[in-house]
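Here the structure comes first, spelled out in structure tokens, and everything after it is commentary.
Taken together, the values in this text are just the output of simple stated rules run on the coordinates, not laboratory data. Quantities reported herein were computed from a predicted structural model and do not represent experimental measurements. Virtual Cβ from ideal backbone geometry, glycine too; neighbours counted across all protein chains shown.
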Amino acid sequence: MDLLDWHRDRLSSRRLAVLIKHMPRDSAVTRDRDGEAADWSVSDYLLAAVVDHLAAANWMFAAVNTDEDSDPPERPVPVPRPGHPEQQDEEDLAAEQAPPNAAELRRFFL
């Protein structure tokens with residue numbers, strides 16, 4: 001396909017827009033438009049969510065089963081995802097908040 005066909009009125013603007021919208025993920029246009037997110041598939045996002053949930057569950061288990069005299073375990077850091085600049089803000093906010101102690105977690109789950 002020649003892009004000059006659009007200039008020569010052989011290719012409509014609508015058809016050109018559809019072709020660009022449905023470019024493969026590894027195309028230069030998609031990489032320029034989506035950045036690093038073009039490398040991530042739905043499976044990659046789901047896998048990152050699974051890792052985050054497992055880390056949170058392990059952290060909660062460790063926090064509940066530690067002695068009250070010892071320091072609570074550190075909160076897990078979520079897997080960084082492309083295209084989510086607000087995730088850094090959430091991490092900064094989570095670092096400022098005090099983590100719940102073992103007694104608070106026991107009371108929550110019991």
| So what are the ³J(HN,Hα) numbers for the range 67-81, from phi and the Karplus equation (6.51, -1.76, 1.60; θ = phi - 60°), rounded to whole Hz, Gly and Pro as x? | 5, 5, 7, 7, 6, x, x, 6, 5, x, 8, x, 5, x, 10
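Just to confirm the filter: which trypsin sites (Lys or Arg not before Pro) across the range 1-91 are DSSP coil and have at most 16 other Cβ within 10 angstrom of their Cβ? Walk me through the intermediate numbers first.
Numbers: sites: ARG8, ARG10, ARG14, ARG15, LYS21, ARG25, ARG31, ARG33; in loops: ARG8, ARG10, ARG25.
Those that pass, being in a loop and sparsely packed, are ARG8, ARG10, ARG25.
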| message | Below 15 angstrom from the Cβ of ALA102, what's the summed charge of the other residues (Lys, Arg +1; Asp, Glu -1)? | response | -3
| For the residues PHE109, PHE61, what sequence is obtained by ranking on other C-beta atoms within 10 Å, fewest first? | PHE109, PHE61
| remark: Computed from the beta carbon distance with a Förster radius of 22 Å, FRET efficiency for ASN58 and ARG81 to the nearest 0.05 stands at 0.65
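To make sure I understand, if each residue's beta carbon is the centre and we count other beta carbons within 10 Å, what order do VAL79, VAL18 fall in, fewest to most? Spell out each step's value before the answer.
Working: VAL79 15, VAL18 10.
Least to most surrounded, the residues fall as VAL18, VAL79.
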| said: Return the Rg/Rh ratio of the range 1-78 with Cα-based radii and a Kirkwood Rh. | reply: 1.41
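Could you list ASP26, ASP39 so that the one with the fewest beta carbons within 10 Å of its beta carbon is first and the one with the most is last?
On the way: ASP26 9, ASP39 12.
With the fewest neighbours first, ASP26, ASP39 line up as ASP26, ASP39.
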